[in-house]
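S.K.: Here's a structure for you.
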Amino acid sequence: MNTQYVQGDCIFTRINKTIKQYEYLTEDIETEVIIIGGGVTGAILGYYFSKSNIDSVILEKSRIGHGSTSITTSLLQYELDSNAMELKSYTSMENIIRSYKLGIKALDEIQEFIDKYGNKCDFKRVDSFLYTSKKLEKKEMEQEYNFRKEAGFHVEFIDEDNNPFLFDVKGGVLGKGGGAEFDPYKFTHHLIEESCKKGLRAYENTEVIDVKYSNDEVAVETVYGYKVKGKIVIVATGYNTGLFTKRAFGTKTTTFNIATKPINNIEDICKDVVFRDNNDPYNYFRTTIDNRLIIGGEDINFIPDIYNEELCSKSYEKLEQRLKNLFPNLNMEIEYRYCGAFASTQDNLGFIGKDHNNSKLWYCLGYGANGILFAILGGMMLSKLYCGEVDSDMNLFKLDRFDH
Ligand SMILES: Cc1cc2nc3c(=O)[nH]c(=O)nc-3n(C[C@H](O)[C@H](O)[C@H](O)COP(=O)(O)OP(=O)(O)OC[C@H]3O[C@@H](n4cnc5c(N)ncnc54)[C@H](O)[C@@H]3O)c2cc1C
C-alpha cells in the first residue's frame, strides 16, 4: 500500500530552503550497515555508526527529512506521554525512572553534538512543563511531582500561587532543564553533513523495494534496479514498516499541528519552556526561534481519516481555539496546518533492536511522543551492539515485549 504519511503545509520544509540535495543511487554498492529511511532517525543512525567508523549507507525513497521529520513538533522532553501513575499498569516504576533518565541522557547527547559541531538547527535547552488547569487533577500533578522528586529529578511544583505563565495553571510539574527544542529538518541535514565527512553515504530518491537475506549478507534492491549489499539492514522508515515485517508496531493515529506566524509580544517566559497539558488526549505546544507558536494534538483514526478533509479541518480548528483560549491577548494568525501518522505504545516507548527470527534485520523506530530522543538512544545502542556490546537498557525497547 502506498500510503502517504504526511499531509498539509509542513512547516519545516516550508520555512527552510533545501539545505542540500543528495544523489540517487546509480550503481551497485557494498557497505556494512544499510540504513533504510532518511528522516531524523536514519540521520541519527548514520551519525552514530560513522562516529564508530562503521561503513554505512542511508537510502531514502523520497527527499531527506521530508517524512514525519518535516512535521514533528520537535518538543523534546525527558518525561513520557503519560504520567508515571498511568504507566505503572504497563511497566514497573523502576523502568519508568530508567526511561526518564535515558530521556535526559539523550538530551545531553544532542547538546554534546551541538557543542561540538555548532548550533545549525536552532537548538535550545529549556524546561519541560506538564500541567493541568483543572482543580480535580491537581492531585495527579502532585503525585507526578513527588514521584520525580523522590527519584532525584530536578523538579518544581507550580500552582495558582507561583504560576509565572500567561494561562491558568491549577497544578504542574516543571522539569528543570528537562526539555529542548530545535528545527528537526536542519538537525537531520547537519547530522548527515558531519557523518559524510566520516564516510557515510546518503542517497535520496532511492526507494528500497526488496530485501534478500543469505547466510553472510543482506542485499536490498532499489526502485531503479541497483543493489546494495551489507551485513545488516536497519529499518528507520518511521511509521511505514510493511516491506520488512508483518509485525504491527504500536497503535496508529493521525495527529495534527498548527503553527502561527511570528508573534510580536510572546512573553519570554514561554520561550524557555516546552508545554504539555494533562488532558486526554493531550495538547502540547512550544515556541520557535522566530517567535511562532506550534501546538499539536487532537488525534483521530489513521486510516481512512487522514484523507477526510472535513475531519482534519475540525482538528485544526480545535487547535486554533485552544491556542486562543490559552493566549487571548496575543494577536495570532495561523500560517501552517499539517498532519501525519503517529504511533503510540502502551508503555510509551519505541522499538530498538534485532528481529528475533532474523539477526540481519534491525529496527530503530521512535514510536511515542519522544520519538526523536528514542532515535538518539537507538543510534547509541545499535552502533554499540554492532561492535558486540549489549546495552542492558535495550531491554526496555525490545520488539517482542507486548507478545503473549
Ligand atoms: C505531528 C507529529 C508531532 C510529533 N511531535 C514530536 C515531538 O514533539 N517530539 C518527538 O520527539 N517526536 C515527535 N513526533 C514523533 C517524531 O516525529 C518521529 O519519531 C520522527 O519524526 C520520526 O522520524 P523518522 O526518521 O523515524 O521517520 P520519518 O521522518 O517519517 O522518516 C522515515 C523515512 O523513511 C522513508 N522510507 C519509507 N519507506 C522507505 C523505503 N522502502 N525505502 C527507502 N526509504 C523509505 C520515508 O520516505 C521517510 O523519509 C511527532 C510526530 C508527528 C507526526
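S.K.: Quick check on the chain: of the DSSP beta bridges with both residues there, what percent are antiparallel, nearest 5%?
M.R.: If we restrict to bridges inside the chain, about 70 percent are antiparallel.
S.K.: Tell me the angle of helix 138-150 to the major Cα principal axis of the chain, expressed in degrees between 0 and 90 and rounded to the nearest ten.
M.R.: Roughly 60 degrees, rounded to the nearest 10.
S.K.: Could you give each residue of segment 274-285 its phi-based ³J(HN,Hα) in whole Hz, using Karplus coefficients 6.51, -1.76, 1.60 with θ = phi - 60°, and x for Gly or Pro?
M.R.: In residue order, the calculated couplings are 10, 10, 9, 8, 9, 5, 10, x, 8, 10, 9, 8 Hz.
S.K.: Before rounding to the nearest 500, sum -39500 (n - 2.57) across all DSSP H runs of length at least 4 in the chain and divide by the residue total; then give [θ] at 222 nm in deg cm²/dmol. Mind showing how you got there, number by number?
M.R.: On the way: 9 runs with 111 residues, N = 404.
Using -39500 (n - 2.57) per qualifying helix, the result is -8500 deg cm²/dmol.
S.K.: Rounded to the nearest 20 debye, what is the charge dipole size of the chain about its Cα centre when +1 sits on each Lys and Arg Cβ and -1 on each Asp and Glu Cβ?
M.R.: Working: 48 positive and 60 negative charges, 72 e Å.
Roughly 340 debye for the chain.
S.K.: Calculate one ³J(HN,Hα) per residue across segment 155-169 by plugging θ = phi - 60° into the Karplus curve 6.51 cos²θ - 1.76 cosθ + 1.60, and present them in order as whole Hz with x for glycine and proline.
M.R.: 10, 10, 9, 10, 9, 4, 6, 10, 6, x, 8, 7, 10, 5, 10
S.K.: With a 1.4 Å probe and all protein chains left in place, how much of the accessible area of segment 32-115 comes from carbon and sulfur atoms, in whole percent? Spell out each step's value before the answer.
M.R.: Numbers: 1180 of 2640 Å².
Carbon and sulfur: 45 percent of the exposed surface of segment 32-115.
S.K.: Ok, one more. Under 14 Å Cα-Cα from Lys61, which aspartates and glutamates qualify once same-chain neighbours fewer than 8 residues away are excluded?
M.R.: Glu23, Glu204, Glu207, Asp210, Glu221
S.K.: If you don't mind, another one. Roughly how many Å² is the accessible area per residue of the chain, as a whole number, for a 1.4 Å probe?
M.R.: On a per-residue basis, the chain sits at 43 Å².
S.K.: P(r) for the chain: what percent of alpha-carbon pairs falls in each 10 Å bin, starting at zero?
M.R.: Whole-percent P(r) values from 0 Å outward: 5, 23, 33, 26, 10, 2, 0.
S.K.: On to the next question. Give the lysines whose C-alpha is closer than 20 Å to that of Lys176, dropping any in the same chain fewer than 8 places away, or say none.
M.R.: The qualifying lysines are Lys101, Lys105, Lys124, Lys138, Lys149, Lys271.
S.K.: Here's something else I'd like to know. Could you tell me what percent of the accessible area of segment 214-262 is made up of carbon and sulfur, with a 1.4 Å probe and every protein chain present?
M.R.: After summing per-atom areas, the C and S share lands at 47 percent.
S.K.: Quick one: longest stretch of the chain between exposed loop GluC sites (Glu not before Pro), exposed meaning at most 12 other C-beta atoms within 10 Å and loop per DSSP?
M.R.: 161-332
S.K.: Can you list which of the chymotrypsin sites (Phe, Trp or Tyr not before Pro) found in segment 235-295 are DSSP loop residues with at most 12 other C-beta atoms within 10 Å?
M.R.: Passing sites in segment 235-295 do not exist.
S.K.: Cα centroid distance between segment 171-203 and segment 243-287, in Å?
M.R.: Cα centres, segment 171-203 to segment 243-287: 17 Å.
S.K.: Next question, about the same structure. Please state the relative contact order of the chain as a whole percent: Cα pairs under 8 Å, 6+ residues apart?
M.R.: Numbers: 874 pairs, mean separation 96.8, N = 404.
Relative contact order here is 24 percent.
S.K.: What are the ³J(HN,Hα) values, in whole Hz, obtained from phi via the Karplus relation 6.51 cos²θ - 1.76 cosθ + 1.60 with θ = phi - 60°, for each residue of segment 50-63 in sequence order, with x given for Gly and Pro?
M.R.: So the Karplus estimates, Gly and Pro as x, are 6, 4, 8, 6, 9, 5, 9, 9, 9, 10, 10, 6, 10, 10 Hz.
S.K.: Here's another thing I want to ask about it. Relative to the longest principal axis of the C-alpha atoms of the chain, give the angle of the C-alpha long axis of helix 184-197, reported between 0 and 90° and rounded to the nearest 10°.
M.R.: 30 degrees
S.K.: Using DSSP to define loop residues, name the trypsin sites (Lys or Arg not before Pro) in segment 1-56 whose beta-carbon has at most 15 other beta-carbon atoms within 10 Å.
M.R.: Taking segment 1-56 and a limit of 15 other Cβ atoms within 10 Å, the loop trypsin sites (Lys or Arg not before Pro) found are Lys17, Lys20.
The values are calculated or read from the model by the stated rules, or taken from the named source; none is laboratory data. If you're wondering where the values come from, they're calculated on a predicted model, not measured in any experiment. Neighbour counts are summed over all protein chains in view; Cβ atoms, including those assigned to glycine, are modelled from backbone coordinates with ideal geometry. Each accessible area value is taken on the protein alone, full model and side chains, heavy atoms only, with ligands, DNA and RNA left out. Shrake-Rupley method; radii C 1.70, N 1.55, O 1.52, S 1.80 Å.
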